Amino acid sequence: MSYVDYYLNRITMYKLVAFSLSILAIISIIFGYSGALTISGNALLLSFVVISAACFGARVFFSKLFKVTMNDESSLITALILFLILPPSSQADQLVVSALVGVLAIASKFILAVHRKHIFNPAAIAVVIAGLLGLTQASWWIANDVMFIFIILAGLLILRKTNRYRMFFIFAGFALGITLLQDFSSSESLVTLLKTSLVSFPIIFLGTVMLTEPSTTPPNQRLQLIYAAIVGVLVGLRLNVGDFYVTPEIALVIGNIFAYSSHASMRKRYKLVLESITELAPEIHMFTFKPDAKIRYEAGQYIELTAAVKTPDIRGNRRTFTIASAPAEDSVSFVIRVPRKTSAFKKALINLKSDDSVYAQHVAGDFTLPQDNEQKLLFIAGGIGITPFMSIIKFIVNTKTKHDIVLLYQASDKSHFIQSRLFKAAENCGVKTIRVTAPLAKDELEAIEDIRNRLVYISGPDGFVKMYRSIFDNHNITSSGIKTDYFTGY
Ligand SMILES: Cc1cc2nc3c(=O)[nH]c(=O)nc-3n(C[C@H](O)[C@H](O)[C@H](O)COP(=O)(O)OP(=O)(O)OC[C@H]3O[C@@H](n4cnc5c(N)ncnc54)[C@H](O)[C@@H]3O)c2cc1C
């Protein structure tokens, strides 16, 4: 798996989804021509070309009209999803309709948006509108036995990258469970029913590719699981009122309405204007920006930044960063590692001049303080993994609340510690910092005062988090629970 993770860490989630869907599209077109699929290769190829061209044209048009930069990969993903769910055809009239659905999908990102953030999954809402207008319905043709194994592989990669397994399993559990319960009385055996539901019904595709879209997903795990359950129940029930059916795309759109209303105030797209860049330690820089509106977040959460990268590399122009400032501050800061050999994205960041801007969206994350201020905590930070703790500790210092926290801060070398006055100031609020340049062993962890009663937070690069997590899991060192925050991408 580490081999897979190595490659997954080299690309962004958007690139992975675009790449996986492109592979599915190419394989299906080849199978169309070879006769492995019942759909003709010409119909598949023509539909693919027409939908992609319509989405691309609409992207250019609406970006200019609304003066908003939009990622090519986002419109490609939308085009590919539509290609994989709309009925493929070589008939001119159906192709025109497919093109129109493509335009509707892209338009929805601009028009059905609040504060520059779209509310609905673009492909799903476009198909729903087309259905209501009597133009076309989704056929979900990609859900078939020939493509099944490829959908599973693409879905697994996306889930591994996005770490949205729980969401997927809740969704699939409800969708599949209710489908089986409803059809159980039929003459089919349970195994046949299970196979038909998994292979011919779009549970895997919808649950891995469409349900997990970050723009339309709630920001924390509790809401994400409710969202997944709502969509799963609706997909499983297949309700109908007269001729009106709750199709999978309608189920997703209803889920989107829940997701939007559950955190409407956090779903803004912000323009951040650069105030300063300060080097805190070798390769570690603090970027401070002035947002165009107050960003609502909890200390410890993260946000996605989009920068104008003139010549983007394979990693694209968006990244997730923990917000290192505290919620009450007017400015927002990020502490970012910029290695000597760095990505095009980070080159663009480090070359920002005063008053240059980037965009920020999708505040999310559960790596926040517990409700109970009395709960004793152990924070473990590896290198750049210190950022959520900086925000939490600033919050504690600003609000002058008393806590019992041990911060174990590990860096590869003494010169790599962020020498912040913050940690000194935090001592008065009950935050004790221990700096180490090598991992603590089991016995040393057990020697931390009252360790069994401390809720443990671990943050840092993937390997660091897994290493500490396994020590705690294998030796049952605490009985109060463990929270982790993986910094993928290094
Ligand atoms: C929830 C969360 C919170 C995060 N918070 C933070 C944070 O607060 N601060 C922070 O710094 N990071 C944070 N990250 C990680 C961040 O999102 C990036 O993934 C990470 O900084 C790597 O950035 P980069 O892709 O620009 O690569 P870089 O950091 O520029 O490079 C990383 C490595 O990849 C190599 N590399 C770079 N570009 C390429 C390329 N085009 N092809 C091949 N190899 C290349 C480099 O040589 C280097 O070894 C967070 C991630 C998550 C998921």
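The values are calculated or read from the model by the stated rules, or taken from the named source; none is laboratory data. Keep in mind that what you see is a predicted model, and the values were worked out from it rather than measured. Quick reminder, even Gly has a Cβ in these numbers, built from the backbone with ideal geometry, and neighbours come from all protein chains shown. Surface accessibility is based on the protein's heavy atoms, side chains included, excluding ligands, DNA and RNA. Shrake-Rupley method; radii C 1.70, N 1.55, O 1.52, S 1.80 Å.
What the table shows:
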{"quantity": "Residues satisfying the stated conditions in the range 400-420, i.e. at pLDDT 95 or above and open to solvent by 40 Å² or more (accessible area, probe 1.4 Å)", "calculated": "Asp404"}
{"quantity": "Odd one out for Ser108 among (1) in contact with a His (Cβ under 7 Å, 6 or more places away or on another chain); (2) in contact (Cβ under 8 Å) with a residue 24 or more places away in the chain; (3) among the small types (Gly, Ala, Ser)", "calculated": "(2)"}
{"quantity": "Residues being acidic (Asp, Glu) and either within 14 Å of the ligand (Cβ to nearest atom) or under 17 Å from Thr387 (Cβ atoms) (or both) - total across the range 316-343", "calculated": "1"}
{"quantity": "The listed residue being among the aliphatic types (A, V, I, L, M), under 26 Å from Thr12 (Cα atoms) and in contact with a Lys or Arg (Cβ under 9 Å, 6 or more places away or on another chain), out of Ile149, Ile178, Ile158", "calculated": "Ile158"}
{"quantity": "Residue list for the range 269-284, restricted to those being open to solvent by 30 Å² or more (accessible area, probe 1.4 Å) and either assigned by TED's automatic domain parsing to the domain that holds Ala124 or in contact with a Phe, Trp or Tyr (Cβ under 9 Å, 6 or more places away or on another chain) (or both)", "calculated": "Lys271, Val273, Glu275, Ser276, Ile277, Thr278"}
{"quantity": "Qualifying residue in the range 329-339 (condition: open to solvent by less than 30 Å² (accessible area, probe 1.4 Å), in contact (Cβ under 8 Å) with a residue 40 or more places away in the chain, at positive phi and under 20 Å from the mean Cα position of the chain (by Cα))", "calculated": "no"}
{"quantity": "Hits in the range 344-397 - residues which are near the ligand (Cβ under 9 Å from one of its atoms), open to solvent by less than 10 Å² (accessible area, probe 1.4 Å) and under 24 Å from Asp313 (Cα atoms)", "calculated": "Phe345, Leu349"}
{"quantity": "Test: Pro388 is without any contact (Cβ under 8 Å) to a residue 60 or more places away in the chain and within 30 Å of Arg10 (Cβ to Cβ)", "calculated": "no"}
{"quantity": "Sole residue being under 25 Å from Ile152 (Cα atoms) and open to solvent by 10 Å² or more (accessible area, probe 1.4 Å), chosen from Phe83, Phe48", "calculated": "Phe48"}
{"quantity": "When residues of the range 51-80 are limited to those that are of a type in the set (Lys, Arg) and assigned to a helix (DSSP H, G or I), the one surrounded by the most Cβ atoms within 10 Å (Cβ to Cβ)", "calculated": "Arg59"}
{"quantity": "Wholly enclosed helices (runs of 4 or more DSSP H) of the range 163-258 bearing at least 2 residues of a type in the set (Ser, Thr, Tyr) and outside the structural domain of Leu305 (by TED's automatic domain parsing)", "calculated": "165-183, 190-200"}
{"quantity": "Those residues of the range 188-232 which are over 30 Å from His115 (Cα atoms) and aliphatic (A, V, I, L, M), in sequence order", "calculated": "Leu190, Val191, Leu193, Leu194, Leu198, Val199, Ile203, Ile204"}
{"quantity": "Qualifying residues in the range 297-310 (those that are open to solvent by 30 Å² or more (accessible area, probe 1.4 Å) and more than 11 Å from the ligand (Cβ to nearest atom)) - the one nearest to Ile386 (Cα to Cα)", "calculated": "Glu298"}
{"quantity": "The range 432-490: number of residues that are on the phi > 0 side of the Ramachandran plot and open to solvent by 40 Å² or more (accessible area, probe 1.4 Å)", "calculated": "2"}
